[in-house]
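To keep things clear, I will list the structure first and then write my remarks on it.
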Amino acid sequence: MSLSQRCGLAILVVIALFSWVGPFATQREFATVYPDYVRAPPALAPHPSDAEARAALNRVAGRIRARAEDVVIADRAARARLIGATAIDTRALVYFARSDAFGPAHAEPTLGDGRELVVTAPLKSLWLPLGADANGRDLLARLMLAGRVSLLVGALGSAVALVIGVSYGMISGYAGGKLDLAMMRAVDALYALPFIFFVILLTAFFGRHFALIFIAIGAVEWLDMARLARGQTLSLKSREFVLAARALGVSGPTILTRHIAPNLAGIVLAYVAVLAPRVILVESFLSFLGLGVREPLTSLGALVADGASHIEDAPWLLAAPAILLTSLLYAFVFLGDVSRRT
């Protein structure tokens, strides 16, 4: 294997580990919403920052119907003097613990008539190395989920195309004659169907469901596989071992499964390595159009679409999923080169 081929395999392994092992190692929740960190930028330091803590403190003070003065942020704690128009109910300090920025707050004895209160609250530590999306969800956790969904779609979508396409192509090529002609004309007719229109119809009749992605992709991507399997079967059925099997009275299904299918394995596997990135790209395109997986699930295409809508104010929302999607596609392309050369 060449250096580029090794890099392709290494990239695929790293992405698989990131997507499948990463969530167990980091214990990150992809659906948890952090309202205080909507579109938070990537950072290696824990959130909240001093600026985020001050902004969160003002929001909490507003809910308590007070204003915050003399705010001091130090040693991962916030201290402020809350001033209200009327006496401040200390029970309202529970809003500090309900926020994403603070832990339970401690109030010093009230001053005067209770309209002033000195409050100290520890800062929580939330790590968002890739930032948060437009809903305040951890982008790293969402990216791990998207990687799993895209890899699963690539594997199962390719498997659907493999099973349907190889079976259809072998039967057509081995049968020959009018049956072969009719089956291939059916393939040509399916080629003429507009793919996006077909997906929209499925969505309209059955709703947006994860399984529909495999049905929609498999309904189109197996056509090339069927043509490939048919061409190879036409060549193999005139070989000596197939003619000998027919002379011995071996049935057609047995010849297809024991003699023709094994000889298709090499070229079929090579094509699967090329088909997998196509399936992933199709799914990403559908998710980009809003026809893919439903919330709270996501895929790389859905993340790219979300990032594209916020490219001006939050470009990191587009950069991370775009880099992962590009790396995944290139890894499969390199592996496809390996299969074609071996």
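The values are calculated or read from the model by the stated rules, or taken from the named source; none is laboratory data. Just so it is clear, the model here is predicted, and its values are computed rather than measured. For neighbour counting, all protein chains shown are included, and Cβ atoms are generated from backbone atoms with ideal geometry for every residue, glycine included. Surface accessibility is based on the protein's heavy atoms, side chains included, excluding ligands, DNA and RNA. Shrake-Rupley method; radii C 1.70, N 1.55, O 1.52, S 1.80 Å.
So here's what we get for this one:
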quantity: Any hit, segment 236-243, residues being touching a helix residue (DSSP H, G or I) at 6+ places or on another chain (Cβ under 7 Å), open to solvent by less than 50 Å² (accessible area, probe 1.4 Å), of a type outside the set (K, R) and modelled with pLDDT under 80; calculated: no
quantity: Residue within segment 97-106 that is under 39 Å from the mean Cα position of the chain (by Cα), assigned to a strand (DSSP E or B), of a type outside the set (A, V, I, L, M) and more than 27 Å from A322 (Cβ to Cβ) present; calculated: yes
quantity: Qualifying residue in segment 107-130 (condition: in contact (Cβ under 8 Å) with a residue 24 or more places away in the chain and either under 17 Å from the mean Cα position of the chain (by Cα) or part of a helix (DSSP H, G or I) (or both)); calculated: yes
quantity: Matching helices (runs of 4 or more DSSP H) fully within segment 1-77 where at least 2 residues are touching a strand residue (DSSP E or B) at 6+ places or on another chain (Cβ under 8 Å); calculated: 50-63
quantity: Subset of segment 285-310 that is of a type outside the set (A, V, I, L, M) and part of a helix (DSSP H, G or I) - its residue that is surrounded by the most Cβ atoms within 10 Å (Cβ to Cβ); calculated: G301
quantity: Top-ranked residue of segment 176-194 - restricted to ones that are crowded, with 17+ Cβ neighbours inside 10 Å and of a type outside the set (D, E, K, R), ranked as farthest from L228 (Cα to Cα); calculated: M183
quantity: Meets criteria (in contact with an Asp or Glu (Cβ under 8 Å, 6 or more places away or on another chain) and open to solvent by 10 Å² or more (accessible area, probe 1.4 Å)) for L117; calculated: no
quantity: Test result for A80, within 12 Å of L117 (Cβ to Cβ), open to solvent by less than 30 Å² (accessible area, probe 1.4 Å), touching a residue at least 24 places away in the same chain (Cβ under 8 Å) and part of a strand (DSSP E or B); calculated: yes
quantity: Lone unmet requirement of (1) out of contact with any helix residue (DSSP H, G or I) (no Cβ under 9 Å at 6 or more places or on another chain); (2) open to solvent by 70 Å² or more (accessible area, probe 1.4 Å) for L269; calculated: (1)
quantity: Residues of segment 148-170 satisfying the condition of being under 19 Å from L275 (Cβ atoms), within 19 Å of the chain's Cα centre (by Cα) and not hydrophobic (A, V, I, L, M, F, W, C); calculated: S150, G154, G157, S158
quantity: Residue match in segment 125-146 (condition: more than 23 Å from A43 (Cβ to Cβ) and open to solvent by 10 Å² or more (accessible area, probe 1.4 Å)); calculated: no
